[in-house]
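Before any comments, here is the structure.
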Amino acid sequence: MTDQLYQDRIVALAKAKTGAGKLASPTRSARRDNPLCGDRVVIDVKVDNGKIAEIAHQVRGCLLCQASASALASVAVGRNAAGIEKVRLDAERAIGREEGEAGEPFAAFAPVRSHKSRHECVLLPFEALKEALS
Amino acid sequence: MSFDVNTVRRQFPILSQIIDGQPVHYLDNGASAQTPEAVLDAVRTYETTSRANVLRGVHRLAERATEAYENARVEVANFLSVDPMEVVFTGGCTAAINLVAYSYGSLLKPGDRIILSELEHHSNIVPWQLLRQRSGIEIDVVPVTVNGRIDLNALPRLLTPRTKLISLAHVSNVTGTLVDVHAVVTLAKTVGAKVMLDGAQRIPHGPVDLSAMGIDFYVFAGHKAYGPNGIGVLWAKAEHLEAMPPFHGGGSMIGRVTFAETTWAPPPRRFEAGTPPIGPAIGLGAACQWMRTLDWKEAHAHEMALVERLMDGLQKIDGATLFGPGSTQNRYPVVSFLLEGVHPHDVAQTLDSFGVAVRAGHHCCQPLMDRFDLDGTTRVSIAPYNDNTDIDALLTGVQHAARTLR
Ligand SMILES: Cc1ncc(COP(=O)(O)O)c(C=O)c1O
């Protein structure tokens, strides 16, 4: 084996499935597909005063996409759209799209940096959430 | 002739590479095959001794280029057992299907019907949908069986007097299944429909005799058949090409041009507007010639022995299942599988870290994936230069993915 993309922390995030599922009565819901690989993310949110009160996601996609959705759900509650953009910056830093050090939990995604074709897998849940919050 | 895999391997420079300390286990031939020295040499010879435009010059280089280009057409024709004047060079397989959908399609009337199957590549679906938008034809779809074969039992009830064309994959790029051409042609004849086969996944596995098949159109891509990128082939019966209007307009495809009226050149030039991909065509001619140096009976047996080794190995991995037929009968060496609880992209990514190249995803066959409610599959596609070490490296990688990713 050469590299270690699927390091324990990424696999653990995916397995944790934080926020996996649906909300009973979401304020908003949005779906994003990646036409290249077929990954699909549906995000439900309950928004209260502009802030996320509850979040759930259904991912039909790879482990990276699942891990990202799970990590995102673990830090989303209480944030507004601008707060989610800060989390996204962490994700983009982790995969080398932005300068600077990534904060947790997205620092775990550093091994994805050298796999350009997989960057979108990490970012797809953010795209869906952005739409749900717009 | 006898088949020796090491003799074949040595002709493919890319296979002797070491990347990050690992050999290349290339099992993504269905997406693009590798190319042998003979093809590289032919292209290099053209580029270094005969490079010029074709058909238009009187100088010696132009004559050499034209001769090499037309010889390539003859090589391709020999490979397909057809007349060279029925061989049209295109930019690829997709380009060839679009040519037929546009040009032959323009002869169809609103309400005419064509038949496709559920396992077609998007390139044999979307051009027909574009035609449907342009001219109001209807598209009927033959379903596939649970084994991933086109269900020909369902074909008769789709046939109508308005059915003009049946266009099917000769070999599936997902399941490797071979369509029963004789049955399709026999059924098509009952309503006078034409038959087109998408040979993209069949041609890399040896010569075909299109004249004997009773079909009307055939298409394939050079890069999947050990040739260069940017070249594909349309074969059609002379009478069809004769009746078809041009697809693209430009130089080389004309008889005489005035602003009042332009007449068309006869086929195949009518369909080769502008400067064609000359080097790639010459490379494809060389690829056909190279393929004919192999004993395909033995080469095919070798490929199918690898399929068997693969299927046996997958059977021993907990949670691995085949998508497609479980036998080696009436199929070619394209094998899809699923690993329970692990997404195909993660399987493929893990395999890459073992030096194994495969394809994962929907394989440009979303309707087929929808039919089986799949996110995608992992696909192993084998060429004559693959050997046991390729399959064994793959199986080791799949085992690793099964152990670590779920
Ligand atoms: C069955 C089949 N048809 C058509 C194509 C399209 O070939 P190209 O993309 O080279 O035009 C492919 C390639 O993936 C294929 O497998």
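The values are calculated or read from the model by the stated rules, or taken from the named source; none is laboratory data. Just so it is clear, the model here is predicted, and its values are computed rather than measured. Counting neighbours? That spans all protein chains shown, and the Cβs are built from the backbone with ideal geometry, glycine included. Heads up: the accessible areas ignore ligands, DNA and RNA and are worked out on the full protein's heavy atoms, side chains in. Shrake-Rupley method; radii C 1.70, N 1.55, O 1.52, S 1.80 Å.
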Report task. Scan the stretch B:141-151 and give yes if some residue there is away from the ligand (no atom under 16 Å from the Cβ) and open to solvent by less than 30 Å² (accessible area, probe 1.4 Å), otherwise no. Result -> no
Requested in this report: Return the only residue of B:58, B:74, B:54 being in the same structural domain as residue B:209 (by TED's automatic domain parsing) and open to solvent by less than 10 Å² (accessible area, probe 1.4 Å).
Outcome: B:54
Report task. Select from the stretch B:352-362 the residues that are open to solvent by less than 10 Å² (accessible area, probe 1.4 Å) and at the interface with chain A (Cβ under 10 Å from one of its Cβ atoms) and list them in ascending order. Result -> B:353, B:361
Requested in this report: Could you check, for the stretch A:84-99, whether at least one of its residues is within 14 Å of chain B (Cβ to nearest Cβ) and under 16 Å from the mean Cα position of the chain (by Cα)?
Outcome: no
Requested in this report: Would you be able to say whether some residue in the stretch B:180-188 is more than 14 Å from chain A (Cβ to nearest Cβ) and within 12 Å of the ligand (Cβ to nearest atom)?
Outcome: no
Report task. Can you confirm whether the stretch B:138-151 contains a residue that is modelled with pLDDT under 95, within 25 Å of the chain's Cα centre (by Cα) and of a type outside the set (S, T, N, Q)? Result -> yes
Query raised in the report: So which residues in the stretch B:209-232 are within 11 Å of the ligand (Cβ to nearest atom) and among the aliphatic types (A, V, I, L, M), if there are any at all?
Result: B:219, B:221, B:225, B:231
Query raised in the report: Pairs, please: C-beta under 7 Å, at least 6 apart or cross-chain, first residue without any contact (Cβ under 8 Å) to a residue 60 or more places away in the chain and in the stretch A:16-44, second open to solvent by 30 Å² or more (accessible area, probe 1.4 Å) and among the acidic types (Asp, Glu)?
Result: A:23/A:54; A:38/B:375; A:40/A:33
Report summary line: If you go through A:21, A:61, the only one that is more than 18 Å from residue A:127 (Cβ to Cβ) and open to solvent by less than 60 Å² (accessible area, probe 1.4 Å) is A:21
Requested in this report: Within the stretch A:21-57, track down each residue that is farther than 12 Å from residue A:129 by Cβ and within 14 Å of chain B (Cβ to nearest Cβ).
Outcome: A:33, A:34, A:35, A:36, A:37, A:38, A:39, A:40
Report task. Go over the candidates B:238, B:299 one by one and state the one that is hydrophobic (A, V, I, L, M, F, W, C), open to solvent by 40 Å² or more (accessible area, probe 1.4 Å), in contact (Cβ under 8 Å) with a residue 40 or more places away in the chain and more than 16 Å from the ligand (Cβ to nearest atom). Result -> B:238
**Report entry** Members of the stretch A:13-61 that are under 15 Å from the mean Cα position of the chain (by Cα), more than 28 Å from residue B:359 (Cβ to Cβ) and not in a strand (DSSP E or B)
**Finding:** A:16, A:18, A:19, A:21
Report summary line: Filtering the stretch B:374-390 down to residues that are over 15 Å from residue A:37 (Cα atoms) and either facing chain A (nearest Cβ under 8 Å) or open to solvent by 30 Å² or more (accessible area, probe 1.4 Å) (or both) yields B:388, B:389
Query raised in the report: Assuming residue B:400 fulfils every condition listed in (1) farther than 25 Å from residue B:206 by Cα; (2) at pLDDT 95 or above; (3) crowded, with 18+ Cβ neighbours inside 10 Å apart from one, which condition is it?
Result: (3)
**Report entry** Residues satisfying the stated conditions in the stretch A:77-95, i.e. open to solvent by less than 70 Å² (accessible area, probe 1.4 Å), in a helix (DSSP H, G or I) and not acidic (Asp, Glu)
**Finding:** A:81, A:82, A:83, A:84, A:87, A:88, A:89, A:91, A:93, A:94
